[in-house]
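First comes the structure, then the notes that go with it.
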Amino acid sequence: IRWGRDTDPNCMIQDEVLMSIAEKVKNFAVIYCVDIDEVPDFNQMYELYDACTTMFFYRNKHIMVDLGTGNNNKINWPLA
């Protein structure tokens, strides 16, 4: 799930990246883009304070991702 604001430049970059891989991962992953202003229900639960955040889930459970940044809960920069 990509959380963020649809008008944010970083989210736009991330959305393009996600759209470019959507066809390749369609058999084992679903990609959602959620505007945190339109759907604020999870902002506090997942600490969605950054302009663009990507999180991974498997069977409705949050997956930790170790990218060497210290924050294993989410990616808060656009992947390019």
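The values are calculated or read from the model by the stated rules, or taken from the named source; none is laboratory data. Bear in mind the structure is a predicted one, so any value in this text is a computation, not a measurement. As a convention, Cβ positions derive from the backbone with ideal geometry for all residues, glycine included, and neighbour counts pool all protein chains shown. Areas reflect the complete protein model, heavy atoms only, side chains present, ligands, DNA and RNA absent. Shrake-Rupley method; radii C 1.70, N 1.55, O 1.52, S 1.80 Å.
Brief remarks on what is shown
- Among 67-75, 21-29, sorting by the average number of other beta carbon atoms lying within 10 angstrom of each residue, highest first, gives 67-75, 21-29.
- Equivalent-ellipsoid semi-axes of region 22-80, from the Cα gyration tensor, Å, largest first: 19, 16, 13
- Normalised by the number of residues in region 1-69, the average gap of Cα pairs under 8 Å and 6 or more apart makes the relative contact order 45 percent.
- Region 16-44 versus region 53-80: alpha-carbon centroid distance in Å: 13 Å
- Average accessible area per residue (Å²) across the chain - probe 1.4 Å, nucleic acids and ligands excluded: 73 Å²
- Label-to-label distance, residue 25 versus residue 39, with points set 7 angstrom from Cα along the beta-carbon direction: 1.6 nm.
- Comparing 50, 66, 35 in a Gaussian network model of the chain (Cα springs below 10 Å), the most mobile by mean-square fluctuation is 66.
- Applying the Karplus relation 6.51 cos²θ - 1.76 cosθ + 1.60 with θ = phi - 60° to region 43-60 yields 3J(HN,Hα) values of 4, 6, 4, 9, 6, 8, 9, 7, 5, 8, 9, 10, 10, 10, 9, 9, 6, 6 Hz, where x marks Gly and Pro.
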